[in-house]
Amino acid sequence: MSSRRRKKLPDLETESHFVQMTQWLAMESKAEIQQMAERRQRMKLKDPEKGGETIVDLSIADHRGGLGGRTLVTFRKRKPSHPMPWHRLRVGSPVVVSRFRDDDGESETGVVSKRTQDSLEVALNRWPDGDNFRIDLTADEVTRQRQLAAITTAMNSRGRLGKLRDILMGIADPTFHPSPPEFEFQTTLNQSQQEAVRFALSANDLAIIHGPPGTGKTTTVVELIVQAVQRGQQVLACAPSNTAVDNLLERLVAKGQKVVRIGHPARVAEDLRPHTLDGLAERHENMSVVQEMYREAEVLFRKAGKWTRHRPVRGEKAALRDEAKQLKKHARLMEQQAIEQILSRAKIICATTTFNEDLLQDKWFDMVVIDEACQSTEPGCWVPILKADKIVLAGDHKQLPPTVLSREAAGEGFALSLLERQVEIYGDQIHRMLDVQYRMNSAIMNFSSGHFYDQELIADASVKDHLLTDFESVEANELTELPIEFIDSAGAGWDEEIEAEGLSKFNRQEAHLVVAKVRQLVEAGVEAQGIAVIAPYAAQVRYLRDQLAQTAGATTVEVDTVDGFQGREKEAVIISTVRSNGKGEIGFLGDERRMNVALTRAKRKLIVIGDSATLGSSAFFRVLLEYFQEHGKYRSVFEEPT
């Protein structure tokens with residue numbers, strides 16, 4: 001794929017760019033705090049749980065000792081008959097635990113470590129006092145401070161880091177080995193994947209692996225890391241989200257690589273925690289003593305915080321807290337010794353892009369790989385770059401951009417990822433695209449291939465013509481034999497609605513049709529867990545979940561926003577576009593990259609439901625509707641069986 005070459009930035013503009021990033025971070029922090037405050041204010045006199053950032057009336061159902069002296073506390077609704085609401089609190093989310101209906105009570109900050117349908121586990125440094133709790137999502141200022149420190153360091157650096165900075169700014173050109181040495185691949189890769197690995201290995205400074213949907217980008221990245229380790233290199237493998245890092249970790253472990261995962265252990269999938277730094281340190285010979293010291297410290301903290309009928313001796317509680325702090329201090333020193341030994345032997349370290357830099361101290365890496373780089377704002381990428389001799393960015397700038405809350409910052413350029421900026425500067429000089437996809441029926445693939453990837457995507461023979469009817473359990477009918485269809489609600493009066501609190505939009509008639517389609521698929525023999533429903537608005541997600549929870553056989557159908565399905569796939573996907581109004585307003589449906597993600601999650605069956613009169617106000621959707629008319633099944637809701 002060709003790409004325009006952007007004018008290189010002179011030195012003064014480079015400094016200005018870094019100063020601008022610090023301003024964007026401040027704007028984003030302000031926007032996040034303001035958004036959360038507005039949501040909570042709207043919820044204050046109504047339902048505090050409606051916005052998805054708060055869960056109330058909780059009690060402690062269970063607890064267990066956590067890694068690093070933390071306590072993992074499981075919360076459930078105090079009344080068993082009350083279900084957990086829909087919420088935005090995911091594994092890794094920073095939260096505040098406080099007493100419900102007690103504004104003067106002490107609060108504890110923590111991290112969500114596990115989430116089930118009826119419970120939420122939170123990793124806390126201290127035991128929360130009380131019987132009735134609320135949990136609130138909070139702003140992640142720690143991450144922003146790490147990003148701010150990283151870009152300040154990068155702006156003022158000389159030597160190798162200064163050279164990489166100049167390359168990333170377009171001041172100096174990246175260089176490559178003329179012909180990389182021959183080697184044996186450890187994974188079966190297609191030609192474009194092999195070429196991407198060779199290209200990245202030949203880079204002296206910077207390379208990009210461009211992986212459109214279903215093309216095996218992570219498989220290629222893992223092979224690159226394995227090859228680098230075989231050459232005696234040390235690798236730092238990063239991604240913006242904990243889920244993406246865990247995916248890398250899992251695949252590297254499966255390849256027999258010795259990997260250390262750093263970061264808060266509560267943010268790591270439970271089955272991968274033995275590979276975390278905390279998990280490895282826990283098995284160190286000194287850790288039995290350390291754990292005993294942590295337990296004693298916790299007992300002292302609880303004793304100091306316990307209410308008694310008799311007035312304690314003056315200074316007694318303070319003395320207990322001081323003793324507990326000293327115990328924890330000595331325990332952490334012993335832990336640190338074990339940690340330094342583990343990290344010094346590690347060939348591969350996995351982490352999110354905003355890891356605690358102090359943990360790695362002066363450790364340097366021959367190669368830093370940032371997977372899903374397009375989902376990170378540029379400041380997030382600079383934290384691992386500080387540790388790099390060479391950088392490989394992997395991702396797809398035609399899918400979801402970084403999430404930016406500040407519209408002003410996004411408009412000024414904060415939503416432009418580092419990867420996309422490098423493609424604008426250097427074009428084909430620094431990137432290789434993977435061109436064979438292993439997910440979608442060609443009819444599902446072809447629209448995105450033409451609109452986003454210059455018709456360069458190829459459907460592998462194993463998926464090119466696959467359909468739902470290839471499964472023995474699935475009945476052959478019009479629904480299961482067609483790979484794509486669009487159902488048009490124009491003229492039906494299915495107008496969108498706004499939630500009473502004004503938080504989000506939903507379309508109840510469209511949702512009812514979605515439920516009917518899910519029911520038809522299940523009745524035809526499609527397994528419910530192989531079906532996904534994607535909606536652009538949280539209100540529609542909530543409404544659909546409620547409706548499907550009451551639908552026989554559909555309780556395991558997954559419903560989420562577009563962002564929630566990034567990097568995921570299902571056999572059948574139904575997209576509810578929601579928007580239907582007389583003004584032709586489509587809101588953030590107009591983000592073509594977001595729709596590219598939604599349209600490329602399905603393997604064998606894609607159904608899109610929407611109002612063509614509203615969607616047709618967008619040039620993108622006009623082209624999409626024409627595609628369905630020419631290549632798939634396009635019909636009105638009036639043709640649907642009643």
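Here are a few things to note about the model shown:
- Evaluating Val197 against the criteria (1) touching a Phe, Trp or Tyr at 6+ places or on another chain (Cβ under 9 Å); (2) open to solvent by 20 Å² or more (accessible area, probe 1.4 Å); (3) under 24 Å from Asp460 (Cα atoms) leaves one unmet condition, (2).
- Condition met for Cys350 (modelled with pLDDT of 95 or more, open to solvent by less than 10 Å² (accessible area, probe 1.4 Å) and not in a strand (DSSP E or B)): no
- Among the residues of region 219-244, those identified as without any contact (Cβ under 8 Å) to a residue 60 or more places away in the chain and closer than 26 Å to Lys603 by Cα are Thr219, Val222, Glu223.
- Verdict on Gly216 being within 30 Å of Gln191 (Cβ to Cβ) and without any contact (Cβ under 8 Å) to a residue 12 or more places away in the chain: no
Conditions tested, residue by residue: (1) within 29 Å of Ala394 (Cβ to Cβ); (2) at pLDDT below 95; (3) open to solvent by 30 Å² or more (accessible area, probe 1.4 Å).
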| site | (1), (2), (3) |
| --- | --- |
| Tyr537 | no, yes, no |
| Gln550 | no, yes, yes |
| Ala554 | no, yes, no |
| Glu571 | yes, no, yes |
| Asn596 | yes, no, no |
| Thr600 | yes, no, no |
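- Restricting Leu9, Leu67 to residues that are open to solvent by 20 Å² or more (accessible area, probe 1.4 Å), under 27 Å from Ala410 (Cα atoms) and modelled with pLDDT under 80 narrows the list to Leu9.
- Of all residues in region 438-474, those being open to solvent by 40 Å² or more (accessible area, probe 1.4 Å) and in a loop (DSSP other than H, G, I, E, B) number 12.
- Qualifying residue in region 610-618 (condition: open to solvent by less than 10 Å² (accessible area, probe 1.4 Å) and not aliphatic (A, V, I, L, M)): yes
- Leading residue by the ranking (nearest to Val423 (Cα to Cα)) among those in region 356-375 that are open to solvent by 10 Å² or more (accessible area, probe 1.4 Å), touching a residue at least 24 places away in the same chain (Cβ under 8 Å) and not in a helix (DSSP H, G or I): Glu372
- In region 401-410 there is no residue matching the filter, namely being touching a Gly at 6+ places or on another chain (Cβ under 9 Å) and among the hydrophobic types (A, V, I, L, M, F, W, C).
- Within region 137-163, restricting attention to residues that are touching a strand residue (DSSP E or B) at 6+ places or on another chain (Cβ under 7 Å) and not acidic (Asp, Glu), the residue that is modelled with the lowest pLDDT is Thr138.
- Residue match in region 405-415 (condition: among the basic types (Lys, Arg) and modelled with pLDDT of 95 or more): no
- Residue that is surrounded by the fewest Cβ atoms within 10 Å (Cβ to Cβ), among those in region 476-494 that are of a type outside the set (A, V, I, L, M, F, W, C) and under 18 Å from Lys603 (Cβ atoms): Glu481
- Strands (runs of 3 or more DSSP E) enclosed by region 108-218 - at least 2 residues per element that are under 28 Å from Ser417 (Cα atoms): 108-115, 206-210
The values are calculated or read from the model by the stated rules, or taken from the named source; none is laboratory data. Predicted, not measured: the structure shown is a model, and the values here were computed from it. Note that we place each Cβ from the backbone using ideal geometry, even for glycine, and neighbour counts take in every protein chain shown. Accessible surface areas use protein heavy atoms only, side chains included; no ligands, DNA or RNA. Shrake-Rupley method; radii C 1.70, N 1.55, O 1.52, S 1.80 Å.
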